[in-house]
Amino acid sequence: MTPRLKAVPLRRSGVKEKILHIDRLSKGFHTANGYVSVLDNVRFQAEGGELIAILGRSGCGKSTLLKIVGGFIPPGSGKVLLNGSPVRSPGPDRCVIFQEDALFPWLTVQENIAFGLRGQKQDKRSKAHQVERFLGLVGLSEFRDYLPRALSGGMKQRVALARVLILQPQVLLMDEPFASLDAQSREEMQNLLLSLWQELGHTILFVTHDVSEAVILADRILLMDKSPGRIREEIGLNLLRPRERESGALLDFSRRLHQALRD
Amino acid sequence: MKPMDERNRKGAWALLPWAIPCTFLFSWCMVSAAGLVPRYLLPDPLHIAGTGYSYIFGTPEAGPYAGRFLNDAGASLLRVGCGFALAVAIGLPLGILSGRLWVFQRLMGTTVNALRAVPGITWLPLALVWFGIGMKTTVFLVALAAFFPIFLNAAAGARQVNPLLLQAGAMMGVRRLRGTFAILLPGAMPNLMTGLRLGLGISWAYLVLGELTGVPNGLGAVIMDARMLGRIDMIVVGIIVIAIIGRVSDQLLQSGMKFCFKSAGRMA
């Protein structure tokens with residue numbers, strides 16, 4: 001028996017449909033020193049199945065942008081449209097992978113992954129089957145009965161991935177999810193993310209300040225300016241996958257982006 | 001470091017909790033045998049044991065307290081049970097509401113803290129006037145005293161739940177009501193447990209207070225009665241019985257919670 005999957009628009013199959021519209025988004029906060037503009041007139045669109053990296057230095061508002069798309073905070077002005085309807089609150093069509101650990105500490109790996117299915121009307125067997133599949137996809141079948149506190153940082157983020165991917169989100173929002181991992185785990189997680197993405201075909205907005213991470217992952221990089229945060233440049237990466245980390249083309253891109261970030 | 005459970009199971013360590021009671025008992029025997037303390041102030045352990053046996057199982061010569069144990073313990077357990085249940089039923093939901101919702105915190109903070117400053121014993125005269133001697137007064141005092149630790153810990157627990165967990169729930173499609181039971185309560189569980197345990201502990205204290213006022217049965221009543229008859233041995237038996245029942249009920253509360261809620265067992 002194969003688990004039922006929602007129809008996800010196939011990538012690279014001729015017509016690419018824009019599913020996510022970010023339209024003239026601005027946001028600011030009132031602080032003790034007056035009004036601070038964090039995002040200014042941010043606009044871009046994402047195709048179904050596209051992997052977009054949002055690259056910028058800390059404090060450029062990229063996390064705020066992600067929170068608005070996630071529906072956790074309302075935009076100051078402008079709007080976010082998913083499939084043509086405005087985003088107003090958090091929901092399982094736009095799942096977030098947080099930077100810090102947000103697993104439920106009282107649930108085992110398996111129970112954490114099954115959490116989102118609890119409220120859904122499906123029979124037990126098909127739920128169990130899906131949990132099994134996603135445990136396998138992130139390579140944690142042997143650790144199913146572990147509690148989060150017994151896992152390493154990388155393993156926790158794998159559980160976090162499986163826990164939301166099982167809900168078949170259209171858009172996956174990732175807020176520097178691998179920033180606190182050591183270099184080797186980070187590389188492993190990037191490879192895992194790419195293989196999951198190729199298998200499941202969801203759209204990803206990936207926020208990062210790490211140039212090499214953006215270059216290895218993204219179809220397109222949005223380079224953000226600081227205070228107020230705006231998109232300075234859009235860079236398409238038409239590089240073949242899988243990408244060699246040390247290849248000349250990648251290093252060229254990296255050099256260019258480093259230069260741009262310094263300016 | 002080894003997990004606590006693993007150590008608990010190891011042979012010699014299992015005896016550690018008994019070290020203090022045994023040392024104490026031993027010194028008591030010594031002091032009595034040496035005749036350092038007059039018997040009317042502190043009877044020797046054997047005498048106490050005899051009284052305790054007679055109190056629990058009844059003896060042919062039948063003193064005033066022989067065989068009363070079940071009756072007394074039953075009456076006291078019922079009073080503690082009712083009072084504690086009442087405190088939980090009111091304190092837990094109100095505590096969680098005031099921990100999560102600003103309005104409730106604002107509404108109740110001042111009142112609760114003002115009432116908390118009043119020592120529980122102060123309510124005794126008023127309770128006697130309102131409810132008379134017996135069950136109702138005791139239940140009232142127990143519920144009142146147990147309310148505060150339960151309420152305050154529930155509020156603190158609900159306030160301290162990691163907001164990221166609630167956000168994660170929201171994005172996974174968990175609505176407010178289900179989120180309360182699936183995320184908020186488990187997340188606050190360590191504090192809820194602390195509140196319940198403190199509440200149950202203080203319940204026993206106020207039980208005795210409520211029963212000191214001329215109730216015919218109950219463990220507190222027996223102690224007060226024994227004082228008037230000069231039966232020091234019976235007072236000590238009463239104290240020991242309350243200590244044991246209190247310890248056992250705390251243990252039962254913990255294992256019951258762990259049995260019912262995953263979060264209680266896994267986040268202790």
Among (1) away from chain A (no Cβ under 14 Å); (2) more than 25 Å from B:ILE244 (Cβ to Cβ); (3) open to solvent by 40 Å² or more (accessible area, probe 1.4 Å); (4) at pLDDT 90 or above, the one test that B:PHE151 misses: (3)
Filter result for the condition that a residue is at the interface with another protein chain (Cβ under 9 Å from one of its Cβ atoms), surrounded by 15 or more Cβ atoms within 10 Å (Cβ to Cβ) and under 21 Å from the mean Cα position of the chain (by Cα), over A:ARG163, A:ARG158: A:ARG163
Filter result (within 13 Å of chain B (Cβ to nearest Cβ) and modelled with pLDDT of 90 or more) within segment A:116-148: A:ASP145, A:TYR146, A:LEU147, A:PRO148
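So is B:PRO45 in contact with a Leu (Cβ under 8 Å, 6 or more places away or on another chain) and either in contact (Cβ under 8 Å) with a residue 12 or more places away in the chain or closer than 18 Å to B:ASP233 by Cβ (or both) or not?
yes
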What residue, among those in segment B:203-224 that are open to solvent by 50 Å² or more (accessible area, probe 1.4 Å) and in contact (Cβ under 8 Å) with a residue 60 or more places away in the chain, is farthest from the other protein chains (Cβ to nearest Cβ)? B:GLY214
I'm told A:LEU103 meets every condition in (1) modelled with pLDDT of 90 or more; (2) within 14 Å of chain B (Cβ to nearest Cβ); (3) part of a helix (DSSP H, G or I) except one. Can you identify the failing condition by its number? (3)
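Identify the residue in segment A:225-263 that is assigned to a strand (DSSP E or B) and without any contact (Cβ under 8 Å) to a residue 40 or more places away in the chain and, among all such residues, is most open to solvent (accessible area, probe 1.4 Å). Before you say what the answer is, go through the steps one by one.
So the first thing to find is which residues in segment A:225-263 are assigned to a strand (DSSP E or B), and the list is A:225, A:229-236.
Subsequent filtering for residues that are without any contact (Cβ under 8 Å) to a residue 40 or more places away in the chain retains A:232-233, A:235-236.
Working: A:ARG232: 92, A:GLU233: 61, A:ILE235: 10, A:GLY236: 44 Å².
Applying the filter and picking the extreme gives A:ARG232.
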In segment B:33-133, which helices (runs of 4 or more DSSP H) lie fully inside it and hold 2 or more residues that are more than 14 Å from B:ALA143 (Cβ to Cβ), modelled with pLDDT of 85 or more and over 20 Å from the mean Cα position of the chain (by Cα)? B:69-100, B:102-116, B:123-131
How many residues of segment B:180-199 are open to solvent by less than 10 Å² (accessible area, probe 1.4 Å), within 16 Å of A:LEU107 (Cβ to Cβ) and more than 8 Å from every other protein chain (Cβ to nearest Cβ)? The answer is 1
Of the residues in segment A:49-69, those that are touching an Asp or Glu at 6+ places or on another chain (Cβ under 9 Å) and either part of a strand (DSSP E or B) or within 14 Å of chain B (Cβ to nearest Cβ) (or both) come to A:LEU51, A:ILE52, A:ALA53, A:LEU55, A:SER63, A:LEU66, A:LYS67
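Against the definition (within 7 Å of chain B (Cβ to nearest Cβ), more than 25 Å from B:MET189 (Cα to Cα), in contact with a helix residue (DSSP H, G or I) (Cβ under 7 Å, 6 or more places away or on another chain) and not in a loop (DSSP other than H, G, I, E, B)), how does A:VAL80 come out, yes or no?
Values: within 7 Å of chain B (Cβ to nearest Cβ): no; more than 25 Å from B:MET189 (Cα to Cα): yes; in contact with a helix residue (DSSP H, G or I) (Cβ under 7 Å, 6 or more places away or on another chain): yes; not in a loop (DSSP other than H, G, I, E, B): yes.
For A:VAL80, the condition - within 7 Å of chain B (Cβ to nearest Cβ), more than 25 Å from B:MET189 (Cα to Cα), in contact with a helix residue (DSSP H, G or I) (Cβ under 7 Å, 6 or more places away or on another chain) and not in a loop (DSSP other than H, G, I, E, B) - is not met.
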Considering only residues of segment A:83-97 that are surrounded by fewer than 21 Cβ atoms within 10 Å (Cβ to Cβ) and part of a loop (DSSP other than H, G, I, E, B), which is nearest to the other protein chains (Cβ to nearest Cβ)? A:PRO92
Taking only pairs six or more apart or across chains, which ones have beta-carbon atoms under 7 Å, a first residue in segment B:169-182 that is at positive phi, and a second residue that is not charged (D, E, K, R)? B:GLY173/A:GLY91; B:GLY173/A:PRO92; B:GLY173/A:GLY116; B:GLY173/A:GLY119
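The values are calculated or read from the model by the stated rules, or taken from the named source; none is laboratory data. No experiment lies behind these values; they were computed from the predicted model shown. Neighbour counts run over all protein chains shown; Cβ positions are idealised from the backbone, glycine included. Heavy atoms of the whole protein, side chains included, go into the accessibility calculation; ligands, DNA and RNA do not. Shrake-Rupley method; radii C 1.70, N 1.55, O 1.52, S 1.80 Å.
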